[in-house]
Amino acid sequence: MGDYVLLFPVFFPILCGIFMPFVKNEKLREKIVLVILFVEALVVFCLAFGSGHSIEVWRISRMLSISFSNDGISRLFSCFISAIWFLAAVFSMEYMKHENNVGRFFMFYMVSLGVLMGISFSSNFMTMYLFYEFMTLMTMPLVLHTETPEAIAAGLKYLGYSIFGAGLGLIGFFFLCIYGTTTEFVAGGVLNSMAQSHADFLRVVYLGMMIGFGCKAGMYPLHAWLPTAHPVAPAPASAVLSGIITKCGVLAIIRTTYYLFGVDFLIGTWVQDVILVLSVSTIFMGSMLAYKEKMLKKRLAYSSISQVSYVLFGIFVMTPQAFCGALLQVIAHAIAKNALFMSAGAIIYKTGHTYVTELKGIGKQMPIVMACFTVASLSLVGIPPTAGFISKWFLATGALEANNVIPVIGIVVLIISALLTAGYLFTIVADAYFPGKDFDYSKLENKEPNMFMIVPLVVLAAAIVVVGILPSHIIDFFTSITTDIF
Amino acid sequence: MSAILVFIVIFPMFAAVISYIIGKYNKNLRNYWACVSVFVEFLVSVFVCNKALFYKSHTLFGLGIEFKCGGLRGILIVIAAFVWLMSTLFSNEYFKHYRNRNRYYFFMIITLGATMGVFLSADFYTTLIFFEIMSFTSWVLVMHDETENAIKAGMTYLTVAVIGGLITLMGMFFLYNSTGTLNFEELGEIISQSSYKADYYIYCVMVFVGFGAKAGVFPAHIWLPEAHPVAPAPASALLSCVLTKTGVFGTLVLSTQIFVYDSTWGFFILVLGTITMFLGAFIAVFSINLKRTLACSSLSQIGFILVGIGMQGLLGEHNALASGGTILHVLNHSVIKMTLFLCAGAVYMNLHELDINKIRGWGRDKKLLKLVFLQGLLGIGGIPLWGGYISKTLLHESIVEYIVHLAQHGESTIVFNIIEWVFLISGGLTLAYMTKLFVAVFVEKNEYESDKENEKKYITKTSAIVLIVCAVLISAFGLMPYKIMDNVAYAARAFMNSHQPDHSVHYFAWVNVKGAVISVLIAAFVYIFVIRALLIKKDKNGKSVYINAWPKWLSIEEKIYRPVLLNILPFFGGSIANLMNISFERVFRGVSALAYGICRYVAEPSFDKTVAVITPMTINVCGYAEMSFEVVCKLFENISAIAVNFFDELFEWFRKKAESILSVIMEFCVEPSFEDLYKISYRFFERIAVIFSGLIENLLLWMLIIIVVVSRFIKSTYNYIVQIVLYFLFNYEEIAYDGKRQFRKDAYFSRFSIDKHGENEGGRDSLSMALILFGIGVVAALIYLII
């Protein structure tokens, strides 16, 4: 076996997923999906705590090959992706009961997981790009699942933006083939001796790649697909879209920045300033639009734009501490945003309310769901003792380490954005739990959903607090990653 | 042993969860459990209060947390636990008929743990973590009543807490970055050794914002007078007695641990303290709401405490009086204000009213309550033999000491003389508004409800005992200053870096009693000539009522904070964000629509489409060509016409002229006459007139041509621009699905309609479209003008 074990998490869900539509018995299908995803998560965690592997599956030419390995970044992303994917699957067992074509949904859901594992474990650009494009294609059916005209239009928009963004990335790849010694991911960069004489040109290429991959991560200027695609997708799909898929854009950016171009080539140059300004303005824009938005899921989508740009900000600052903060924010945001979207899904599932103005007193009807919503909100704002506080602390202190004025402006924007985040999330919490004196308690009925929805939510909420209180092991792990890179 | 500090912080958190679970099944048992757990907390606090313990964890919360105990921290945790115990005992009766009691107990007990965490913390990271937890859990207590006012006040409280907390956080980022530590003592060492302090002042002012907001320091005091009246009385007692003290604790850390003996920082705190002290007392005189008056009083007392903190910085190493005054006033204020708020709670419990016109005279026959309230009044008013006198005397003495110190060095003392007088006046106002409350509630008759049914039992035994304990404490503090107060001050001295005072203070010597006498005189003056004379009016039934003479418009919150935060900033921020959001999407859509169209055409070129696209284009091109040809032709025609005409005329004119001149000359020569002369001149003028008329005719033609050309050009350009812009602005999908490349007016305008949720979907689009149209128009106009 040996290194072939790396192929298992990638191809196991894909192969199993393809047979999903043929399982007609719903109970049986539920069990199969859960067992497969659980096994998948188990294997991924075993891999993460085991020794490093690497395998070359197919060499196409000198520069191009399909190969996998598990380094630090791979372990981090594969672990939280598979865990959250499993929890979202548990949630969707109940949620998908009021949707059609459940078999098709789970087929694409599972195939997507395999593809995401492919991105996580890929050890060169070619492999990552292959799975990156597949990710777009495999998740698009999740977006347009309901098949309403809006959903189809949103799906096409998602497709258009993603393909365009990935295309920009591909253009960069061509240049990297010329100016790089290899396209394997090597910590510290792969640029060859020719690169220095074409430095500014390569930085333009890098900027294009950042904008392209930034599309998936919701970075301005290619952010517009998020608020369109999230509200129309089924709740579990929007949860993973917002929590996980955006993180794959982040992963691609990390790989390009730290493993292909290298920090030394970029730090302190004009291109760093440009991408910092882009990410900082995205943070502000997302929060501000979320603050003004009245539709719950759309508000959360704008919130994602802002929060994922925190991660990008941390990456682009290019100091070890800030990078550590960015990785923490990846985890914190993935957990919190999944919890928020699942809460929104539970509310839609049970009451049909989609606007924040309709949520008065919802905390009395669904106390546990709203409690999880509250914990996740606290994390997004950055209130201790939640994971979001730790990540923001590391981001900000890391940004101050950089000798540059933009990160300092970024911190001010971070604080303003936190204030806006409080403005758009705590008003919901306040309305939900404090409906006012004239609230009719006699009409109150317990609308708490069943265990399939509650358990994943509670697990995520607990994870937020646990990571917030005991982050030291995670931080140690991230520090080991950063020492490789810097 | 040091793990006991963790126990103090963690135990309430678990106790809260247990109380919630118990409360689901049995309400009485839950109340007992709450009392027992808070009592355990109190015992443990008393047990550890004078032990120097230290706990450090390197891993918790990422950076690790540090707890310390002993000295000032010991005093503060005992105060907190004591107030909590009394309030919990009192809650039992107060909340008898309330909803959501489980929620109240849950968050109240968690808040206790968080507060303990703040008081025990030995570095700013720990302080911040528990400070934020405390802000959020106490928010629930403020909003507990869920009335409209309570929700509004709660949101104000939350906003102040969040903004303050975030600015504090930002200050800590900078502080941590520039020093590499957040431990109080290490920070103090680093900052005292640095020669350039300006940056540290800025960072520490940022850190101070959050603490100051919690303490109610001007100008972030707005939440206090709002939140206290609407919160349940036991919760207001907690807010006022303990939570504001967490802000004071933070300020103390900044002033006595980090900026040790720093006169600049001390003066900064002193000025804010003086303003807060006077402002709180001044507003309280006008207030006619029982709890609101007490809240304003809290503001004022926090101001007194800050004056003490500021004086410590100014006095340097001789700050024993100031430090003693500060900690003793913290102690006094906590106990006295708890007594008063619980009295107010007893009133509210029975009448569900806080307006002093409505509760007037209710307490005339309630002897116990009257006595307890009187104790509070005398305590907070600074009357000798009661608690407040001791601490106010020390604070006053510290100001006097500094004035003497300045005078000895020959410096101007005017500023501090003013501060001393503000101090005495604020003390006088304190006594005046408390007298107003006391007289209104316990002495005067209510002219409206003279025959109120006299309930015998207005308070349970437990609550009565709670009130008595508090009242006795106030007297005890005042009667035994050397036994109790001096020891407390001594215990806190190490934290505040102060030394043994040069001489012990004789509290009851005339020098010190004089200040109290001045304050009493001011109080008498204010009560008689302001409150009785100006603030009591006859209403339309001829009966006297207390009026609220405070002008409604004079509210810093309504006039500045709310508009700025809710309207102005979101408007600007929102406009920028909207423009950013839409601008690129539109461009992207336009470009992709164009690309899509081209690709579609390239993929399947068809004659129809070609014709459809080409024909209007050709027509227009031809139109332009035709028009321009026409113009050119006309131009040539005109030019030639003019030229021909001109030369023709000229030639003719010459010919005729010559001819006529010749003939005239001939005739004139043959037969000279006046008539011939006239003819010559007539013809001459006639010719000139003809030429001019021709010229004018041509000019008009020219102008006509220009107008036609320009207007046609503008019109067609405008049409094209509008069509292109609308095409880009539109969902190109709509147009593509439509099959017809037409401007669908109805579809477009439906986007402007307002849906049932009052949300204007198209509003943003219309704004952006108008802006883009306007921009393109301007650019086009500019280009046209330049060309």
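The values are calculated or read from the model by the stated rules, or taken from the named source; none is laboratory data. What you are looking at is a predicted structure, and each value in this text was computed from that prediction instead of being measured. Here the Cβ is made from the backbone with ideal geometry for all residues, glycine too, and neighbour counts use every protein chain on show.
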Could you please let me know if A:Ser303 is modelled with pLDDT of 90 or more, touching a Lys or Arg at 6+ places or on another chain (Cβ under 7 Å) and of a type in the set (S, T, N, Q)?
no
When the residues of the stretch B:131-140 are narrowed to those that are more than 7 Å from chain A (Cβ to nearest Cβ) and crowded, with 24+ Cβ neighbours inside 10 Å, which ends up nearest to the chain's Cα centre (by Cα)?
B:Ser135
State whether one or more residues within the stretch B:354-374 are modelled with pLDDT of 85 or more and within 35 Å of the chain's Cα centre (by Cα).
yes
Kindly list, by first and then second residue, each pair from a residue in the stretch A:63-77 that is farther than 15 Å from A:Phe8 by Cβ to a residue that is of a type in the set (Asp, Glu), limited to pairs with Cβ atoms under 9 Å and residues at least 6 apart or on different chains.
A:Ser65/A:Glu56; A:Ser65/A:Glu184; A:Ile66/A:Glu56; A:Ser67/A:Glu56; A:Ser67/A:Glu184; A:Asp71/A:Asp484; A:Gly72/A:Asp484
Every listed condition ((1) farther than 30 Å from A:Trp270 by Cβ; (2) touching a Ser or Thr at 6+ places or on another chain (Cβ under 9 Å)) holds for A:Leu312 save (1)
Looking at B:Trp139 and the list (1) under 24 Å from B:Leu565 (Cα atoms); (2) touching a residue at least 24 places away in the same chain (Cβ under 8 Å), which single condition is not satisfied?
(2)
For the stretch B:551-580, what are the residues that are of a type in the set (Asp, Glu) and free of Cβ contacts under 8 Å to residues at least 24 places away in the same chain?
B:Glu558
Residues of the stretch A:374-399 satisfying the condition of being outside any helix (DSSP H, G or I) and more than 9 Å from chain B (Cβ to nearest Cβ):
A:Thr386
Return yes or no: is A:Val459 under 16 Å from A:Ala332 (Cβ atoms), more than 9 Å from every other protein chain (Cβ to nearest Cβ) and surrounded by fewer than 20 Cβ atoms within 10 Å (Cβ to Cβ)?
yes
Which pairs turn up if I take residues in the stretch A:315-337 that are within 17 Å of A:His473 (Cβ to Cβ) and look for partners that are among the basic types (Lys, Arg) with beta carbon separation below 6 Å, at least 6 apart in sequence or on another chain?
A:Val330/A:Lys247
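Would you point out which residue out of A:Ala346, A:Ala371, A:Ala402 is crowded, with 24+ Cβ neighbours inside 10 Å, small (Gly, Ala, Ser) and more than 10 Å from chain B (Cβ to nearest Cβ)?
Numbers: A:Ala371 fails: crowded, with 24+ Cβ neighbours inside 10 Å; A:Ala402 fails: crowded, with 24+ Cβ neighbours inside 10 Å.
Going through A:Ala346, A:Ala371, A:Ala402 in turn, just one is crowded, with 24+ Cβ neighbours inside 10 Å, small (Gly, Ala, Ser) and more than 10 Å from chain B (Cβ to nearest Cβ): A:Ala346.
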For the stretch A:427-435, indicate whether the set of residues that are among the polar types (S, T, N, Q), surrounded by fewer than 20 Cβ atoms within 10 Å (Cβ to Cβ) and modelled with pLDDT of 90 or more is non-empty.
yes
Here, helices (runs of 4 or more DSSP H) confined to the stretch A:162-242 with at least 2 residues that are modelled with pLDDT of 90 or more and surrounded by fewer than 19 Cβ atoms within 10 Å (Cβ to Cβ) are A:199-216
Filter result (crowded, with 23+ Cβ neighbours inside 10 Å and either within 14 Å of chain B (Cβ to nearest Cβ) or at positive phi (or both)) within the stretch A:246-283
A:Ser279, A:Val280, A:Thr282, A:Ile283
Conditions first: (1) part of a helix (DSSP H, G or I); (2) out of contact with any strand residue (DSSP E or B) (no Cβ under 8 Å at 6 or more places or on another chain); (3) in contact (Cβ under 8 Å) with a residue 60 or more places away in the chain. A:His145 passes all but one, so which condition is the exception?
(1)
For the stretch A:418-436, pairs from a residue that is at positive phi to a residue that is acidic (Asp, Glu), with Cβ under 8 Å and 6 or more apart or across chains, are A:Gly436/B:Glu146; A:Gly436/B:Glu148
Conditions (1) closer than 14 Å to B:Leu385 by Cα; (2) in contact with a His (Cβ under 9 Å, 6 or more places away or on another chain); (3) of a type in the set (D, E, K, R): number failed by B:Arg493:
(1)
Which pairs turn up if I take residues in the stretch B:176-204 that are more than 14 Å from every other protein chain (Cβ to nearest Cβ) and surrounded by 15 or more Cβ atoms within 10 Å (Cβ to Cβ) and look for partners that are among the small types (Gly, Ala, Ser) and part of a helix (DSSP H, G or I) with beta carbon separation below 8 Å, at least 6 apart in sequence or on another chain?
B:Tyr200/B:Ser178; B:Cys204/B:Gly171
